[in-house]
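Report on one structure; see the data block that follows.
The values are calculated or read from the model by the stated rules, or taken from the named source; none is laboratory data. This one's a predicted model, so the numbers in the text were calculated from it and none came from an experiment. Cβ coordinates were reconstructed from backbone atoms using ideal geometry, including for glycine residues, and neighbour counts include every protein chain displayed. Heads up: the accessible areas ignore ligands, DNA and RNA and are worked out on the full protein's heavy atoms, side chains in. Shrake-Rupley method; radii C 1.70, N 1.55, O 1.52, S 1.80 Å.
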Amino acid sequence: MKRIFALFVLFLGFLIQAQTTYFVDDLIGKDTNNGISKFTPFKSINRLNQLQLKPSDSILFRRGGVWSGNFKPKGSGAINNRIVIGAFGSGPAPVLDAKGGILENEEASYTIQLFNQEYFEIRDLKIRNYNPFEEPRKLELKETIAYVNASKVGIYIKGKDCGTLHDIHLINLEICDINGDMSTKNNGGVYAEIVWNADETKRVKSNFDGFYTEGCYIHDVDRTGWSNTSVWDTRSLTSVWGEKLANGRIHNWYPSENIIHRNNRYERAGANALIVRVAKAPLVEHNSFKYNGLKGSGNASFPFSCDDALFQYNEASYTFFNTKSNSWDGKLDVDAGGFDSDWNCKNTVFQYNYSHHNGHGGILICSNGSNKTSFNDGTVIRYNIFEDNAHHIIRNSGNVTNTKIYNNVFFSGVENDSVQLLYHKSWNGYPDNTAYYNNIFYSLGKGNEFEFTKSTNNNFVANTFYGNMKNEPSDAKKSKKNPLFKSGVFAETNWKSHLRFMLENNSPEIDAGIPVEGHPKKDFIGNLVQGIPDRGAFEY
């Protein structure tokens, strides 16, 4: 019995030793302390960088404290035993700021870096990387000369020939005030990348499985709010692993999985707010994108080289359209829209989103036809509301194929003239096989029109075209009646403003749609869709 008790005590001691919480306090801390109590905390980031963390360990910064430097924790967690970087006490979130500083042998400035590490949770912090004394470097472009800052990142997560990195959580963070390099998308608030060894014989297929960004506020960052890249990104629409492609490269597409962005706010990014690349079934939901693209061309959010991406319940608004005089590179914006189904993607779905008052379009579907292996196939855009987006509502650009667009509201008010309600255009190729079903086009401005150029196999069935518009497409079940929205008049600009596009009880749109293969069971606000669907985004 005594032996069993001794073993139990030994095991308990092992557990206590295996789970260590370290405290950091910028006021009373000392790096000569043991750090394992609020009363004997560490003081500096340099001391933290010396720790070898174990599964279930935590590092907690004092709320109200401020630290400068590059935080590079060591170690990885384990399944159900993440390493946690967080806060303790009461008051405002702890502030970590690299101030543009760079550790020895590093190429760029970051405030927090993980390298080949997994099972990590970073939460409840305010993360900055702002150098107020930086002198921008000269950058010679084709048509002009620009001046840019050094590359900077708030949280930088890197994997190199590491296999799969699991379970990384970014929770309840404020990431802001990062004056990075506007000439590259690969810096800003959060940047994650998968790279490989220059020696091909040492390369290991690598990706992320479980990368969660939730409840974060990412704002005032250059250039991008959140982005990722991977060298394992090569493929064509129909290629398989190891196949040699038309451009001479080899299919090596190895996507990350379980990439989730939920309940985040992205505001005032220099260009794009969110870019998700090389991922299988990424989920982007319940996010707000507002006032992004302040300094350069960029749609608020998009997937690139993804399969089955799902964007839902998001709001994108007031993306800024830059003229030559206020753009960082002296160029007129090409992209300044709310959403974007970008190239090398398959089966992207945008549903239940609200895109409004963006400077250059509500949504883009695109693929660069000059690339021998490029594609964008099977995008679905359904049950969304597009309101008062400037220049165009939908832009379908390049060699895009098999797009379905149904049960949306496309609204352009009296203050929006010369809007291309639908704009199919060339990007070294033209869209083919685009279907429009059960949509409501409501146009009050002057000179609004449809433009299809040389796109092919456009199919319109059971759409409503009400108001002022030119070049209406043919539609065997076309309606030109007033759809009788609850109110077509603009109200307060917020998420609930969409409710005025619900149908009155005597609307001609009720039961006027057609069944669509793969049709969801619910409408924009969760009403069941039963039998013949209504037109527009709301089922009466």
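Here G86 fulfils each of the conditions (1) surrounded by fewer than 17 Cβ atoms within 10 Å (Cβ to Cβ); (2) within 17 Å of L125 (Cβ to Cβ) apart from (1). For the stretch 120-144, residues that are open to solvent by 30 Å² or more (accessible area, probe 1.4 Å) and touching a Pro at 6+ places or on another chain (Cβ under 8 Å) total 1. So, in the stretch 11-39, of the ones that are out of contact with any Gly (no Cβ under 6 Å at 6 or more places or on another chain), farther than 18 Å from Q52 by Cα and modelled with pLDDT of 95 or more, which residue ends up most open to solvent (accessible area, probe 1.4 Å)? Of everything passing the filter in the stretch 11-39, F39 is most open to solvent (accessible area, probe 1.4 Å). Here D161 does not qualify as within 24 Å of the chain's Cα centre (by Cα) and open to solvent by less than 50 Å² (accessible area, probe 1.4 Å).
Residue by residue, here is whether (1) out of contact with any strand residue (DSSP E or B) (no Cβ under 7 Å at 6 or more places or on another chain); (2) at negative phi holds:
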{"position": "I385", "(1), (2)": "no, yes"}
{"position": "G398", "(1), (2)": "no, no"}
{"position": "S418", "(1), (2)": "yes, no"}
{"position": "N428", "(1), (2)": "no, no"}
{"position": "D432", "(1), (2)": "no, yes"}
{"position": "N457", "(1), (2)": "no, no"}
{"position": "T464", "(1), (2)": "no, yes"}
{"position": "N468", "(1), (2)": "no, yes"}
{"position": "L484", "(1), (2)": "no, no"}
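For the stretch 40-73, the tally of residues that are under 18 Å from I102 (Cβ atoms) and buried (at least 20 other Cβ atoms within 10 Å of the Cβ) stands at 6. Among the conditions (1) within 11 Å of the chain's Cα centre (by Cα); (2) more than 30 Å from K142 (Cβ to Cβ); (3) surrounded by 21 or more Cβ atoms within 10 Å (Cβ to Cβ), the only one that S317 does not satisfy is (1). Contact map, the stretch 453-466: first residue in contact (Cβ under 8 Å) with a residue 60 or more places away in the chain, second residue assigned to a strand (DSSP E or B) and open to solvent by 10 Å² or more (accessible area, probe 1.4 Å), Cβ cut-off under 6 Å, separation 6 or more or different chains; pairs are A462/Y437; T464/S479. If the condition is being outside any loop (DSSP other than H, G, I, E, B), open to solvent by 10 Å² or more (accessible area, probe 1.4 Å) and farther than 15 Å from H360 by Cα, then the stretch 395-424 contributes T401, N402, K404. Within the stretch 265-277, residues that are at positive phi have Cβ atoms under 7 Å from residues that are part of a strand (DSSP E or B) and not basic (K, R) in these pairs: R268/H219; R268/D220, counting only partners at least 6 apart in sequence or on another chain. Consider only pairs whose beta carbons are under 6 Å apart and that are at least six residues apart or on different chains; among these, list those whose first residue lies in the stretch 344-362 and is under 18 Å from L422 (Cβ atoms) and open to solvent by less than 10 Å² (accessible area, probe 1.4 Å) and whose second residue is among the charged types (D, E, K, R) and assigned to a loop (DSSP other than H, G, I, E, B). From the stretch 344-362, the pairs are H356/D388. Where strands (runs of 3 or more DSSP E) fall entirely within the stretch 259-326, those with at least 1 residues that are acidic (D, E) are at 265-267, 283-285, 301-307, 315-317. In the set Y212, Y191, Y147, Y156, only one residue is in contact with a Pro (Cβ under 7 Å, 6 or more places away or on another chain), open to solvent by 10 Å² or more (accessible area, probe 1.4 Å) and either assigned to a loop (DSSP other than H, G, I, E, B) or not hydrophobic (A, V, I, L, M, F, W, C) (or both); that residue is Y147.
Hey, could you check the stretch 219-251 for residues that are assigned to a loop (DSSP other than H, G, I, E, B), open to solvent by 20 Å² or more (accessible area, probe 1.4 Å) and free of Cβ contacts under 8 Å to residues at least 40 places away in the same chain and say which is nearest to S327 (Cα to Cα)? Only one residue tops the list, namely V231.
Of all residues in the stretch 519-538, none are in a loop (DSSP other than H, G, I, E, B), at pLDDT below 95, surrounded by 12 or more Cβ atoms within 10 Å (Cβ to Cβ) and basic (K, R).
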